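Engineer: Take this structure, written in structure tokens, and hold onto it; I'll ask about it next.
What follows draws every value from the coordinates through simple rules; no lab data is involved. On a predicted model such as this, the values are computed, not experimentally measured, just so you know. We place every Cβ from the backbone using ideal geometry, glycine too, and count neighbours over all the protein chains shown.
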Amino acid sequence: MARRSRPRRVHGDVQGERRTRWQSIYRLVRRIPRGRVMTYGQIATLLENRLSPRAVGWAMHGCPDGVPWHRVVNASGGCSTDRLPDVPAGLQRAMLEAEGVKFRANDTLDLNRYRWTP
């Protein structure tokens, strides 16, 4: 009988205390200027891949007040929050548009134009 390998974790192993890692995400997101965005993957990379892009998304979903969560988008420049049952559809897009971000016909924004790199 072949030995099964240990299942791969979806989010990878979190190094350090979760609160500390998530606070690092929140500090970075608070720095994103109005009218600019970062991607989940970009944030994960800047944090030296201690968290996956998906884990960054989970952190953003539960972020404290004062964190501009709407300025974090998916790798295609789209709003992933429309799939969440507790976030009104179109809210993230409306908040970004209020900051001057323009969306294309395919409901994505131009990351070459709006991506912020610290």
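Engineer: Please name whichever of PRO33, LEU109, ASN49 sits farthest to the positive end of the charge dipole of the stretch 18-113, dipole taken about the Cα centre and charges placed at Cβ: Lys and Arg +1, Asp and Glu -1.
Structural biologist: Of PRO33, LEU109, ASN49, it is ASN49.
Engineer: Still on this structure: Using packing as a proxy for protection, rank 54-62, 106-114, 93-101 so that the peptide with the highest average count of other Cβ atoms within 10 Å comes first. Mind dumping the intermediate values first?
Structural biologist: On the way: 54-62: 18.8, 106-114: 13.7, 93-101: 15.7.
In descending order of packing, they fall as 54-62, 93-101, 106-114.
Engineer: Let me ask something additional. If you take every residue apart from VAL56 with its C-beta less than 11 Å away from the C-beta of VAL56, what net charge results, scoring Lys and Arg +1 and Asp and Glu -1? Can you show the working numbers first?
Structural biologist: Details: positive: ARG21, ARG50, ARG54; negative: none.
Once positives and negatives cancel, what remains is +3.
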